[in-house]
1. Collect the residues in segment B:163-193 that are buried (at least 18 other Cβ atoms within 10 Å of the Cβ), over 13 Å from the mean Cα position of the chain (by Cα) and within 11 Å of B:Val13 (Cα to Cα), keeping them in residue-number order.
2. Look through segment A:455-488, keep the residues that are part of a helix (DSSP H, G or I) and more than 30 Å from A:Phe392 (Cα to Cα), and return whichever of them is modelled with the highest pLDDT.
3. So, of the residues in segment A:360-383 that are more than 12 Å from chain B (Cβ to nearest Cβ) and without any contact (Cβ under 8 Å) to a residue 12 or more places away in the chain, which turns out to be nearest to the chain's Cα centre (by Cα)?
4. Given A:Leu243, A:Leu331, which one is within 30 Å of B:Trp92 (Cα to Cα), away from chain B (no Cβ under 14 Å), touching a Gly at 6+ places or on another chain (Cβ under 9 Å) and not in a helix (DSSP H, G or I)?
5. Condition first: part of a strand (DSSP E or B) and basic (Lys, Arg). Now tell me which residues in segment B:216-244 satisfy that.
6. Tell me whether segment A:224-236 contains one or more residues that are in a helix (DSSP H, G or I) and among the β-branched types (Val, Ile, Thr).
7. Among residues belonging to segment A:328-346 that are within 20 Å of A:Thr89 (Cα to Cα) and modelled with pLDDT of 95 or more, point out the one that is farthest from the chain's Cα centre (by Cα).
8. Kindly indicate the residue of segment A:362-416 that is exposed (fewer than 15 other Cβ atoms within 10 Å of the Cβ) and in contact with a strand residue (DSSP E or B) (Cβ under 8 Å, 6 or more places away or on another chain) and also farthest from A:Gly153 (Cα to Cα) among those meeting that condition.
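The values are calculated or read from the model by the stated rules, or taken from the named source; none is laboratory data. None of the values given here were measured: they were computed from a predicted structure. Positions of Cβ are generated from backbone atoms using ideal geometry, with glycine treated the same way; all protein chains shown enter the neighbour counts.
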Amino acid sequence: MNLCELTAHELGELLKSRQVSAVEATEAAINRIEAVDSRVQAFVTRTVEEAFAQARAVDAARSRGETLGPLAGIPMALKDNICTVRIRTTCSSRMLADWVPPYEATVVSRLKEAGAILLGKLNMDEFAMGATTETSAFFPTRNPWDLERVPGGSSGGSAAAVAAGEAFYTLGSDTGGSIRQPAAFCGVVGLKPTYGRVSRHGLIAFAPSMDQIGPLTRDVTDCALILNAVAGHDSSDCTTADLPVPDYRAALNTDIKGLKIGVPREYFADGLDPEVAAIVRRAIDKLAELGAICEETSLPHTEYALPTYYLVAYAEASSNLARYDGVSFGLRVPGRDIEEMNINTRTEGFGPEVKRRLMLGTYALEAGNYEAFYLKAAKVRTLIRQDFEAAFNKYDLLVTPTEPMVAFRLGEKGNKKPLAMAAADSYTSAVSLAGLPALSLPCGFSQGLPVGLQLIGPSFAEARLLQVAYAFEQNTEYHRRRPALEVA
Amino acid sequence: MEYEAIIGLEVHVELKTKSKIFCSCSTSFGAEPNTQVCPICLGLPGTLPVTNRQVVEFGIKTALALNCQVASYCKFDPKHYYYPDVPKNFQWSQFDMPIGSNGHLKINVDGEELVIGIARVHMEEDAGKLIHIDGPDGGYSLVDYNRTGVPLLEIVSEPDLRSPAQARAYMEKLRTILHYLDVSDCKMEEGSLRCDANVSVRPRGSSTYGTKIEVKNMNSFRSLQRALEYEIERQVNLLENGEQVQPATVAWDESRGVTTVMRVKGESSGYRCFPEPNLVPIEIDSAWIERVRQELPELPDARRQRLIDDYGLPLYDAEVITSSKELADYFDRTVALYPDAKTVSNWLMGDFSRLLNAHNLEPGQAPVPPQELAALLQLQQEGTISGKIAKQVLEEMFASGKGARQVVEEQGLIQISDAAALGQIVAEVLAANPKVVEDYRNGKTKALGFLVGQVMKATKGKANPGLVNKLLKEQL
C-alpha cells in the first residue's frame, strides 16, 4: 500500500486502528517529497526534524491511550504566508526570505492542537499576488499533471503538494481565487470559507477585506475535517464571526433532492474554453440527475467584478505592504539616509508583480483619485454583493466553472502579460468581493488536465457546499485520479 | 494697519488606559526602551489589531464633556506616511468619521467669556520615539517603540482664537476638563498632552484668512503663548514689509525664543486614508452614550457655578478653586467640616497654594488633609490661635505632616487671652517705653502700633491682638 495515495481521513482510520504510526506516515510523506519535489517544487522550506518530533509525540500519546482527534498524526503543509513560530515565513519574497516570526497563526495553533504534523512551507506567488506561482522570488512550482504547466496560484504550492501526494492536506489562502483556481488546475478540492469563518491572525496580508485561509484536500470529506479544525471565532481577529461552527463532516450526505441551484449565465460567456464548458455542463447535468433543480440565472454586475477587485485589493495591499521598509524586520538594503534605505529595500525586496500592484493601489488612494477609483470600487462592490443576495433569495447555491480554462504553460501568461493572467481571476473574484464561501472540486478532465467546478453559497453555508460537493464526488470518480508523476 | 491673529489648536492627549489601543501592551511611561512591545504594535507581518473598548469609552466621555455630537458609527482609517517611528508606515486614525464633532468649550479671558468651537475629537495611535545619536558620518538613530500604539485623542479647535492669551486659556481649560474626566495624566513635560497651533494673521476687519503656519514643539503653556506671540509678530512684520507669508510648518525654539522652518508645505498626494478592513466598525448606540453621560463627573463650569450659588464665592475665587479638580475636591471636603467658604477659599488660594508650590505638590498630594485644615481654621475662629500663628502652624503642618492641634500644643502657641496676664505684660511694655507713651499721649496715635508690636514680641505672637489693643488703650 502506498500511503501517499490515501486521503487524510483514510490515513486517519489506519492511524486510529494503529495499523500505521504517525512516524510511518510522516516517513512516507517525506520520502514522497524527496522523490518528486525536485520536479514539482512545491516546498520552500521543509521541517523534517520538527515533523518527526511531532509524529513521535502523537504516537506516544496514542500509546498512552489518549483520545486523539481525526487529524492527529496526519502530515500536512502550509502556504508560506501563514506564520509559524521559529520557522521562517517568506511569502515567497526576497523581502521576508530570512524572516522568522516570533508568533504563530491561529490556524497553526489549532492544527497543532489537533495533532497535525507540519512537513514544511509551500511556495506561492510573491505576497499572494499572482495566479501561476511564477511570481515567487524563489522558483516556479510545476503542475503535477503536466510539469510544463503552472499549478495556478497564488496557493500553487499548496495545490501541487496535495495533487502530487507530498502532503495529505494543505492550507492555502484565497483573496481573489488563490485557493479555488490552483485547486481546479491541480484537480484537488479547495475551499474558500466565508469571510470571517477562519481567523486571519498570522496570515500575512495581501488584501485584508478578502483574504481567507482555507483547506486544499484530496476529497470533500477531508475538506470538511480540516474546516472543522480551523474554523471559528478568534479574539485575535475581530473580523471573525462569533457564530457556532457546525460539524461539517457530520453534515455530509448525498441527498440533494429538491435543492435549487442557479447557473449564472455570465460565467458561460465568451472566453470560456468550449471543452471546459462542456465538462462543466455535464457536471451540472449530474447534479440535476441527483435530484437538484438547476436553472439558469443572472448576476448582472459580473463584468465589473474584475476591475473592482483589482482596485480594492491593490489599494489594500499598498497600505499593508507599506511596513516593509528595512527598519525593524525583513530585508534591509542600506542607503545614505533613511529614505534611501526604504527605497533600496523595497526596490530589491519586491518583485515586479508586487511593485505593479503597489503602484496601482497607491495611485487609487491618492488625493484626487480616491473618489474616482477606490470609492467607486467600494460602491460597485456593494452592487456585486447585492447580485448574490438577490440570487440566494431564489437559489440554495450557485454553480460555475472555477476557471474558464485548464492550466496553461509556464511563461505563457503571468509576469510579462498581466492582462492575460487577469483572465484567471475573472471567475473567482466576484465571490471574494462578496465575502461568500466557494468550493472548487474536480469535475472532469480536458486533454488530461483537471477541470474545476465552483460551488458558491450564501454566507456561512459551507456545510451546504460541502454536502453538494460530496454528493457529486460520491457519484463520480475524478477525485480518485492521481497524476502519473512516477513515470516522469 | 491693525492686524488680528487667527489661531486654531490641535491637541493630542495620551489616554491613561492600562493597555495600548490595538494590543494588550502596557502604556506606562518611562520603561526601558522596547520592553512594552509585541508583534501587533511592532507592526509585524500577519498581525491584526483589536480595538481597546476603554479607548472608545474615553473618546465618548471626552466628546460629551466638550459638547460634541457623538458618532453612532465609528471606524478607523490608516493614515500613510513613511517615518521610522511608525512601524507600519501608517497610523490608525479616524479620517472622515471622528468619534466627536461640532463641540465647544468656554474660556474666560480678561473678564470676558468666549465660546471656542471644537471641530472634532478623534481616536488614533501614538508613534514611537526616535533617539538621534551623533557620530561620524552624521551618526545614527535608535527607535523606541514603547509609545507606539499608546491611545491618543486628537482634539481640534475651530479657528476661533484671536490671541496667544486666548490660546493659552483654551489649552488650560481643556487640560482642566480632561483632568476632571480622569482620562489622561495631561503632563506636557512627559508628552501626554501635546499641542500644535495653526496661526495666520489678517488686517482687522478682513473676512478672508491669511496664510496658515503650523507651529510645533511647544512644551508648556508658557511656550505656547510665547511661540504664538513671536509667530504673530513675525507674520505681521512680513506683511508690513510688503512680503508674503509662505505656508510652512515651523518649530518653536524655546531657548532662542524663535520659530524655525521644519518644512515648507507643498503639493501633497495626501495620506491615502481609506476604511481599515482589519478593524470592524464600532457601533455606538444611544444607550452607551447615555450611560457615559450619566457617569460624567461634574465639570469645571458647572462646579464653578455651584461654588458661586451654594457658597456665595466671588467669581474669581470660584474660577481659581475649580481650575484644578483636586483643589476643588479639597475645597468641598474642607467646607463640609468648616462651613465658612470664603475663609477656606482665601486660605486655599493663599498660603495653601503657596506651600503646595514650595513643596512642588499637587493639591491631592498635600500632607495636610482637609480635616486638618478645617481644624486649623477652627482653632483660629475659636480664638485659640491668632491668624498670624495659624499661618505659622500651617507651614509646620506641611513640613512635618502633623495635625493642627498637635503643632499648636507642642509649640505652646495657644493665644493668650487672659486679661490679667496680658495686663501685666502691657504694663511692663509701657514702663519700658516712656518716650513712646508720651508721644501717644501727645496725639501721635501711630505710636500705638509700635506698642502692640512690643507686646506681641514679648508674647512670641501669642497675645490676642484685640485684647492687647483694648488693654493698651485702657492703661494709656
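1. B:Val183
2. Of the residues in segment A:455-488, the ones part of a helix (DSSP H, G or I) are A:462-474, A:478-480, A:485-487.
Retained after the next criterion (residues that are more than 30 Å from A:Phe392 (Cα to Cα)): A:480, A:485-487.
Working: A:Arg480: 93, A:Leu485: 84, A:Glu486: 64, A:Val487: 44.
Ranking the candidates gives A:Arg480 first.
3. We begin by selecting, within segment A:360-383, every residue more than 12 Å from chain B (Cβ to nearest Cβ); these are A:360, A:372, A:376, A:379-380, A:382-383.
Those left that are additionally without any contact (Cβ under 8 Å) to a residue 12 or more places away in the chain: A:372, A:379, A:382.
Values: A:Ala372: 31, A:Lys379: 27, A:Thr382: 24 Å.
Per the stated criteria, the residue is A:Thr382.
4. Numbers: A:Leu331 fails: away from chain B (no Cβ under 14 Å).
Of A:Leu243, A:Leu331, the one residue that is within 30 Å of B:Trp92 (Cα to Cα), away from chain B (no Cβ under 14 Å), touching a Gly at 6+ places or on another chain (Cβ under 9 Å) and not in a helix (DSSP H, G or I) is A:Leu243.
5. Initial filter on segment B:216-244 (part of a strand (DSSP E or B)): B:216-218.
Passing the criteria: only B:Lys216.
6. To start, the set of residues in segment A:224-236 that are in a helix (DSSP H, G or I) comprises A:224-230.
Still in the running and among the β-branched types (Val, Ile, Thr): A:226, A:230.
Yes, because at least one residue in segment A:224-236 is in a helix (DSSP H, G or I) and among the β-branched types (Val, Ile, Thr).
7. Within segment A:328-346, the first condition is being within 20 Å of A:Thr89 (Cα to Cα), and the residues that meet it are A:328-333, A:345-346.
Filter once more, keeping what is modelled with pLDDT of 95 or more: A:329-333, A:345-346.
Numbers: A:Phe329: 27, A:Gly330: 25, A:Leu331: 26, A:Arg332: 30, A:Val333: 32, A:Thr345: 29, A:Arg346: 27 Å.
Ranking the qualifying residues of segment A:328-346, first place goes to A:Val333.
8. A:Lys394
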